[in-house]
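Okay, so here's the structure we're looking at.
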Amino acid sequence: MPESPDNTAPIRTKKATADAYFIEHRAKVLDIAAFLDRVDRAGGEDDYRVAALRVAISLLLDGKPERARRILELWSDQTTVPIGKAHMKGAVGCVDLSSSTDRST
Amino acid sequence: MYIDPHVHMVSRTTDDYVRMARAGCVAITEPAFWAGYDRSSVGGFFDYFRLLTDFEPRRAAQFGIRHHTWLCINSKESEDVGLSREVLGIIPQFLDAPNVLGIGEIGLNKNSRNELLILEEHIALAAKYQQMILIHTPHLEDKLKGTILIMDAIKAHGGISAGRVLIDHVEEHTVKPVLDRGYWCGMTLYPDTKCTPQRAVDIIEMYGNERIWMNSAGDWGHSDPLAVPKAQMEMRRRGHFESLVHKITFENPRSFLSQSAKFSAQPLTPTAADVTR
Ligand SMILES: [Zn+2]
């Protein structure tokens, strides 16, 4: 666990954390595995969102901290100037990593 | 006992009020937002503001929940500058209503020039009428950029104190920049987007418990009006003290919101059903 800035976090061991959360996250990993298998079985072109998901998955195992923050930054629009006009109201969840540069994580 | 400081009851049922009251909800604040479709005229907003300032507080009171609200035109509709300015023009006549706490939820959606222009005009309106501000930050890939643009716009105005602004929907990549600039921040608990209860509690453990709250932002989308009590359960499951659970889900929102004398989280006796109108 990262150092708590004001000692609010109770003491927890890795085992206690696994006791509480392992089954839930075991299921989520299987969901991702089955999703990637589903994508493989489907026809058509590769999708940039799935490509962005694969890059994010690689960050999970790079041994560095703050994975959630770094994945959110990876998927974020890194430009800083307002766009000319909003052509849609929604958001898709990630930018197209193949068409963007300078995304240091 | 808890406060849900961001929930769109206009799109929730009366059963949700019952369940929230049973789970310990004593007060809520409901920001004006997008209805799921673009309203066709300023009259649509006039009626929406009547609902937020008149009908909805009476409906909530039947379950002992104190209802407060924030007024604006949402950034999803502010691409239409003409309509936005008409709506800005009718807001002042509602600001003295007993449950209006300020201007919100304003902000950006796709980070466009017109959205930014109308955000700046809302900020100026809040400054002119000395109103607090509740900020909506954009969704998903647009959030990081939008959060920075919004904070820059507030700073550029110069007339708004950071302590009177709450920047909502923060996640792991935006919470620190918001807190570092002196603003309050909100974590929205959604099933798929924004924060899960687990991640929200992680954020408290990593970034502290000052100037931060949690809300359900329950609306017409995939959301959960009982998300705050579920996050309370998550904190207890991890062994957090009851005092911290109370601070995050009651004292912190009360501290921020009490900057308006109109806010109250005092116990409210449920009123009779509103059958005579
Ligand atoms: Zn909202």
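The values are calculated or read from the model by the stated rules, or taken from the named source; none is laboratory data. Keep in mind the model is a prediction, meaning the values are calculated, not measured. Neighbour counts are summed over all protein chains in view; Cβ atoms, including those assigned to glycine, are modelled from backbone coordinates with ideal geometry. Just the protein is used for accessible areas: all its heavy atoms, side chains included, with ligands, DNA and RNA removed. Shrake-Rupley method; radii C 1.70, N 1.55, O 1.52, S 1.80 Å.
Under 8 Å for C-alpha pairs, at least 6 residues apart: give me the relative contact order for region B:145-184, rounded to a whole percent.
45
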Inset, instruction - For B:LYS176 paired with B:ASP47, estimate the spin-label separation in nm (one decimal), with each label point 7 Å from Cα along the Cα-to-Cβ line. - result: 4.8
Inset, instruction - Mind listing the long-range amide H neighbours of B:THR69? Cut-off is under 5 Å, sequence gap 5 or more, other chains count too, H placed in the peptide plane at 1.01 Å from N. - result: B:GLU30, B:VAL100, B:LEU101
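Pop the C-beta distance of A:ILE57 and A:HIS87 into the FRET formula with R0 = 30 Å and round what comes out to the nearest 0.05. Please list the in-between numbers first.
Numbers: r = 30 Å, r/R0 = 1.01.
FRET efficiency, A:ILE57 to A:HIS87: 0.50.
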Inset, instruction - Using the Cα centre as the reference, give the magnitude of the dipole from point charges on the C-beta atoms of the protein assembly as shown (Lys, Arg: +1; Asp, Glu: -1; all else neutral), rounded to the nearest 20 debye. - result: 780
Inset, instruction - Compute the whole-percent fraction of alpha carbon pairs in region B:26-70 spaced more than 16 Å apart. - result: 40
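Any chance you could run the full-extension gain for A:LEU30 through A:THR80? It's 0.36 nm times the residue separation minus the Cα-Cα distance, nm to one decimal.
Details: separation 50, 0.36 × 50 = 18.00 nm, distance 3.67 nm.
In short, 14.3 nm is gained.
From the P(r) of region B:62-183, can you give the percent of Cα pairs sitting at distances over 24 Å? The partial results should precede the final answer.
Values: 1768 of 7381 pairs.
Here the tail beyond 24 Å accounts for 24 percent of pairs.
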Legend entry - Cβ-defined net charge surrounding B:VAL42, 12 Å radius [Lys, Arg +1; Asp, Glu -1]: -2
Legend entry - Nearby aspartates and glutamates by direct alpha-carbon distance to B:LYS247 (threshold 15 angstrom, same-chain neighbours under 8 apart not counted): A:ASP6, B:ASP4, B:GLU205, B:GLU210, B:GLU234
Inset, instruction - Report relative contact order for region B:14-172 in percent, whole number only (criteria: Cα-Cα under 8 Å, sequence separation at least 6). - result: 20
Inset, instruction - In whole Å, largest first, what are the principal axis extents of the Cα atoms in region B:1-148? - result: 44, 35, 29
Legend entry - Solvent-accessible area buried by A and B, counting both chains, probe 1.4 angstrom, square angstrom: 2900
Inset, instruction - For B:LYS76, go through the lysines and keep the ones whose alpha-carbon is under 30 Å away, minus same-chain ones fewer than eight residues off. - result: A:LYS85, A:LYS89, B:LYS110, B:LYS128, B:LYS143, B:LYS145, B:LYS155, B:LYS176, B:LYS194, B:LYS230, B:LYS262
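Which semi-axis lengths, in whole Å and largest first, follow from the square roots of five times the eigenvalues of the Cα gyration tensor of chain B? Spell out each step's value before the answer.
On the way: eigenvalues 136, 114, 54 Å².
For chain B, the semi-axes come out at 26, 24, 16 Å.
Determine, from the Cβ-Cβ distance of B:TYR37 and A:ASP96 and an R0 of 35 Å, the FRET efficiency 1/(1 + (r/R0)^6), rounded to the nearest 0.05. Kindly include the intermediate steps, with their values, before the conclusion.
Working: r = 29 Å, r/R0 = 0.82.
So the FRET efficiency works out to roughly 0.75.
What trypsin sites (Lys or Arg not before Pro) in region A:19-105 are in a loop by DSSP, with at most 11 other Cβ atoms within 10 Å of the Cβ?
On the way: sites: A:ARG26, A:LYS28, A:ARG38, A:ARG41, A:ARG49, A:ARG54, A:ARG67, A:ARG69, A:ARG70, A:LYS85, A:LYS89, A:ARG103; in loops: A:LYS85, A:LYS89, A:ARG103.
In loop regions of region A:19-105 (DSSP not H, G, I, E or B), the sparsely surrounded trypsin sites (Lys or Arg not before Pro) are A:LYS85.
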Inset, instruction - Compare the Cα positions of B:GLY36, B:TRP70, B:VAL26 along the charge dipole of region B:18-84 (+1 at Cβ of Lys, Arg; -1 at Cβ of Asp, Glu; about the Cα centre) and return the one farthest towards the positive end. - result: B:VAL26
Legend entry - Compactness of region B:174-263 as Cα Rg over 2.2 N^0.38 Å, two decimals: 1.06
Legend entry - Listed residues B:GLY239, B:HIS173, B:VAL7: farthest to the positive end of the dipole of region B:2-263 (Cβ charges): B:GLY239
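Send over a whole-number figure in Å² for the accessible area per residue of region B:2-263, probe 1.4 Å.
Values: 8750 Å² over 262 residues.
Using a 1.4 Å probe on heavy atoms only, each residue of region B:2-263 averages 33 Å².
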Inset, instruction - Would you mind telling me the share, in percent, of accessible area of region B:137-233 contributed by carbon and sulfur at probe 1.4 angstrom? - result: 56
Legend entry - Over the protein assembly as shown - Rg/Rh using Cα atoms and the Kirkwood inverse-distance radius: 0.97
Legend entry - Added length on full extension, which subtracts the Cα-Cα distance from 0.36 nm per residue, B:THR271 to B:ARG236: 9.4 nm
Legend entry - Over chain B, relative contact order from alpha-carbon pairs under 8 Å, at least 6 apart, %: 22
Legend entry - Separation between Cα centres of region B:75-107 and region B:122-175, rounded to whole Å: 15
Inset, instruction - Go ahead and run the numbers for FRET between B:ASP80 and B:PHE55, Cβ-Cβ distance against an R0 of 35 Å, rounding to 0.05. - result: 0.85
Legend entry - In Å², nearest 10: area of B:PHE46 left accessible to a 1.4 Å probe: 80
Legend entry - the protein assembly as shown - mean residue ellipticity at 222 nm from DSSP helices (-39,500 (n - 2.57) per run, n ≥ 4, rounded to 500): -12000 deg cm²/dmol
